[in-house]
Amino acid sequence: MKPVSLIQFLIEERRAGRINAELSLLIEVVARACKRISVATGKGALGGVLGNAGSDNVQGEAQKKLDVISNEILLEANAWGGQLAACASEEMEDPQPIPDMYPKGNHLLLFDPLDGSSNIDINVSVGTIFSILRCPDGISEPAAEHFQQPGTEQLAAGYVVYGPATLMVLTFGHGTHEFTLDREVGSFTLSRRDIRIPEETAEFAVNMSNQRHWEAPMQRYVGELLAGKEGPRAKDFNMRWVASMVADVHRIVTRGGVFFYPLDARNKAKGGKLRLMYEANPMAFIVEQAGGAATTGRERIMELQPTGLHQRVPVFLGSKKEIELATHYHREADGAQG
């Protein structure tokens with residue numbers, strides 16, 4: 001069978017009426033930018049890109065050099081294409097308008113330019129996450145509130161993982177698909193179509209060092225997993241934790257599993273740890289389109305009405321039956337308290 005390139009796949013989607021030409025071109029621009037980021041991450045110490053940048057992002061977190069470089073690559077690539085009305089980055093407090101000298105389009109792009117950047121210096125997989133929304137009609141200068149749309153309004157979402165291979169996983173709301181970067185020819189090629197996440201799993205990803213800070217229902221759920229065959233679940237579970245959301249989610253997309261970043265005593269005041277607009281919504285869209293589930297432990301992530309551009313939420317996502325059970329425990333506990 002002849003390989004299908006990302007561009008050919010996008011042409012298929014356009015012909016089927018699932019996307020328009022502007023959205024197709026926008027994905028091509030994002031893909032080209034991610035190829036540049038892949039080259040930069042691949043050079044490592046030889047490219048002088050490792051270590052801290054000496055600055056903090058809007059979240060108050062120390063930026064790595066590659067955080068800054070990746071953010072600049074995505075901003076530059078998307079400034080002049082004509083598909084965007086504005087874009088927003090996890091690294092910046094406010095949206096980035098399209099310069100007046102360039103044509104504007106009807107889409108809004110949100111991105112985490114380099115997720116898992118704390119792993120850069122130890123050569124562990126990192127990635128880019130992105131989400132695309134429609135700009136509201138009649139808005140020529142989008143502000144933060146115009147980006148604050150529920151995840152159900154996403155037109156597309158994807159992530160690129162920079163590992164032994166560079167992979168893009170993409171959805172337009174008609175299934176989840178994977179593309180592998182062929183470094184010899186410099187293009188993404190379809191490697192898996194219509195990915196399905198198994199409904200059941202025996203593998204979970206969570207930062208166990210935070211266990212003492214979790215709420216009671218999360219303690220109950222993980223306690224049952226750890227009890228193994230002798231416990232109420234009557235089977236053994238394996239734990240995996242990369243501490244790079246893209247890498248952990250890609251494992252789930254590849255072979256099943258569940259990922260948790262629950263509410264705990266330390267992040268409760270902020271609403272959670274992960275960002276709704278840059279991480280939770282796009283990953284939820286991708287996972288749901290692959291047959292998985294994504295909640296905050298209480299609500300479906302994609303139905304949340306955002307209240308801020310950098311809003312944080314708890315994240316439970318992956319194999320459907322496990323996410324449903326963990327969510328049930330939280331709702332049950334809330335009902336008992338009420």
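The set of residues from the stretch 187-225 being free of Cβ contacts under 8 Å to residues at least 12 places away in the same chain and under 14 Å from residue 326 (Cα atoms) comprises 219, 223, 224. Taking the stretch 27-70 as the range and being of a type in the set (Ser, Thr, Tyr) and either at pLDDT 65 or above or under 30 Å from residue 14 (Cα atoms) (or both) as the test, the residues that pass are 38, 41, 70.
Of all the criteria given as (1) at pLDDT 95 or above; (2) not in a loop (DSSP other than H, G, I, E, B), the one not satisfied by residue 142 is (2).
Taking into account only those residues within the stretch 122-134 that are surrounded by 16 or more Cβ atoms within 10 Å (Cβ to Cβ) and farther than 15 Å from residue 309 by Cα, which is nearest to the chain's Cα centre (by Cα)?
Going residue by residue through the stretch 122-134, those that are surrounded by 16 or more Cβ atoms within 10 Å (Cβ to Cβ) are 125-133.
Retained after the next criterion (residues that are farther than 15 Å from residue 309 by Cα): 125-129.
Working: 125: 14, 126: 11, 127: 9, 128: 8, 129: 4 Å.
Among them, the one singled out is 129.
Summed over the stretch 61-109, residues that are assigned to a loop (DSSP other than H, G, I, E, B), small (Gly, Ala, Ser) and buried (at least 18 other Cβ atoms within 10 Å of the Cβ) total 2.
Conditions tested, residue by residue: (1) within 16 Å of residue 270 (Cα to Cα); (2) aromatic (Phe, Trp, Tyr); (3) buried (at least 20 other Cβ atoms within 10 Å of the Cβ).
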{"site": "289", "(1), (2), (3)": "no, no, yes"}
{"site": "301", "(1), (2), (3)": "no, no, yes"}
{"site": "307", "(1), (2), (3)": "yes, no, no"}
{"site": "317", "(1), (2), (3)": "no, no, yes"}
{"site": "323", "(1), (2), (3)": "no, no, yes"}
{"site": "331", "(1), (2), (3)": "no, no, no"}
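When only residues in the stretch 226-245 that are in contact (Cβ under 8 Å) with a residue 40 or more places away in the chain and touching an Asp or Glu at 6+ places or on another chain (Cβ under 8 Å) count, which is surrounded by the fewest Cβ atoms within 10 Å (Cβ to Cβ)? Checking each candidate, the answer is 242. Output the residues belonging to the stretch 140-178 that are aliphatic (A, V, I, L, M) and touching a residue at least 60 places away in the same chain (Cβ under 8 Å). The answer is 144, 155, 156, 157, 160, 161, 167, 168, 169, 170. Would you check which residues across the stretch 226-273 are closer than 22 Å to residue 321 by Cα and among the small types (Gly, Ala, Ser) and list them? Matches in the stretch 226-273: 227, 228, 231, 234, 247, 256, 257.
Could you tell me whether the stretch 2-12 includes any residue that is in contact with a Lys or Arg (Cβ under 7 Å, 6 or more places away or on another chain), within 21 Å of residue 154 (Cβ to Cβ), in a helix (DSSP H, G or I) and modelled with pLDDT of 95 or more? Outline the logic, then answer.
Taking the stretch 2-12 first, the residues in contact with a Lys or Arg (Cβ under 7 Å, 6 or more places away or on another chain) are none.
Scanning the stretch 2-12, I find no residue that is in contact with a Lys or Arg (Cβ under 7 Å, 6 or more places away or on another chain), within 21 Å of residue 154 (Cβ to Cβ), in a helix (DSSP H, G or I) and modelled with pLDDT of 95 or more, so the answer is no.
Can you spot a residue in the stretch 204-215 that is under 22 Å from residue 254 (Cα atoms), at pLDDT below 95 and surrounded by fewer than 17 Cβ atoms within 10 Å (Cβ to Cβ)?
Going through the stretch 204-215, the residues under 22 Å from residue 254 (Cα atoms) turn out to be 204-207.
Filter once more, so that each one left must be at pLDDT below 95: none.
No, the stretch 204-215 has no match at all.
With respect to the conditions (1) more than 24 Å from residue 114 (Cβ to Cβ); (2) under 14 Å from the mean Cα position of the chain (by Cα); (3) in a loop (DSSP other than H, G, I, E, B), residue 288 lacks only one, and its number is (3).
The values are calculated or read from the model by the stated rules, or taken from the named source; none is laboratory data. Remember, predicted model here, so these are calculated numbers, not experimental data. Heads up, the Cβs are rebuilt from the backbone with ideal geometry, glycines too, and the neighbour counts pull from every protein chain shown.
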